[in-house]
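The values are calculated or read from the model by the stated rules, or taken from the named source; none is laboratory data. Predicted, not measured: the structure shown is a model, and the values here were computed from it. Virtual Cβ from ideal backbone geometry, glycine too; neighbours counted across all protein chains shown.
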Amino acid sequence: MEASINLSFDEMWEKILACDHKYDGLFFTAVKTTKIYCRPSCRSRKPKKINVEFFCDINEVEKAGYRACKRCQPKSEHSPHIGLVKNVIAFLVNHYKQKLELQDIANHVGVSSFYLERVFKQETSETPRTYLQKIRVDKAVHLLKSTDRTNLEICYEVGFQSPSNFYKVFRRLKNCSPSEYRALLNKELEQ
């Protein structure tokens, strides 16, 4: 079947072999022998190419007699990993002041650090570490705006372990140093 997303059968086949999550919801893979349908990103064992049909609409695939995969849950409107990602984000927001290693976060949510990093990046386009850095810099910005604490005090208050790392990450995310940011805030207040 030719999909309305203008992908040929072979192109859709390549997407499921690559477990490409970007196509989830755009088409579904149905396996004739098992009568099960999946998302393109499903990690289940891949069927033989001759046993596969592709559908662009979930209603069409169900009318054809297929049932949803229990592993990838194609009927749900979100990724099956979204609950894990939400738990990680909540943990990071609540513990950003602590020294956190990837293994600490993985232990909290009960998965391996490799799996956590892969799934988190797949869903957010960031690693847990870069997400945590953004939280810390946002908290630092709030403190720069609302307090007269020194940059060093703010650095440790928001969970950075070294001033050099704080300055480096702050500059990367805000295109200026914490001191320059505070000076810009003061200029805006004067005007």
Would the range 74-95 turn up any residue that is crowded, with 19+ Cβ neighbours inside 10 Å, among the aromatic types (F, W, Y) and under 18 Å from the mean Cα position of the chain (by Cα)? no
Could we say that N59 is assigned by TED's automatic domain parsing to the domain that holds F166, loosely packed, with under 13 Cβ neighbours inside 10 Å and free of Cβ contacts under 8 Å to residues at least 60 places away in the same chain here? no
Are any residues in the range 52-83 touching a helix residue (DSSP H, G or I) at 6+ places or on another chain (Cβ under 9 Å) and not in a loop (DSSP other than H, G, I, E, B), and if so, which ones? V52, E53, F54, F55, A68, I82
When the range 5-35 is checked residue by residue, the ones that are among the hydrophobic types (A, V, I, L, M, F, W, C) and either part of a helix (DSSP H, G or I) or surrounded by fewer than 20 Cβ atoms within 10 Å (Cβ to Cβ) (or both) are I5, L7, F9, M12, W13, I16, L17, A18, C19, L26, V31
Kindly establish whether V111 is aliphatic (A, V, I, L, M) and more than 29 Å from I36 (Cβ to Cβ). no
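Considering only the range 119-170, how many residues are closer than 15 Å to I89 by Cβ and of a type outside the set (A, V, I, L, M, F, W, C)?
Total meeting the criteria: 16.
Tally time: how many residues in the range 36-51 are part of a strand (DSSP E or B) and either of a type in the set (S, T, Y) or touching a helix residue (DSSP H, G or I) at 6+ places or on another chain (Cβ under 7 Å) (or both)? Outline the logic, then answer.
Restricting attention to the range 36-51, the residues satisfying the condition of being part of a strand (DSSP E or B) are 36-38.
Retained after the next criterion (residues that are either of a type in the set (S, T, Y) or touching a helix residue (DSSP H, G or I) at 6+ places or on another chain (Cβ under 7 Å) (or both)): 37.
Number of matching residues: 1.
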Return a yes/no flag: does the range 72-91 have any residue that is closer than 30 Å to V137 by Cα and touching a strand residue (DSSP E or B) at 6+ places or on another chain (Cβ under 8 Å). yes
Test A106 against the criterion of being among the small types (G, A, S), surrounded by 15 or more Cβ atoms within 10 Å (Cβ to Cβ) and under 18 Å from the mean Cα position of the chain (by Cα), and give yes or no. yes
Which one of the conditions (1) crowded, with 17+ Cβ neighbours inside 10 Å; (2) in contact with a Ser or Thr (Cβ under 9 Å, 6 or more places away or on another chain); (3) closer than 24 Å to P128 by Cβ does C38 fail to meet, given that it meets all the rest? (3)
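For the range 114-172, what are the residues that are of a type in the set (D, E) and either surrounded by 14 or more Cβ atoms within 10 Å (Cβ to Cβ) or within 30 Å of H81 (Cβ to Cβ) (or both)?
Listed by number, the residues that qualify are E117, E123, E126, D138, E157.
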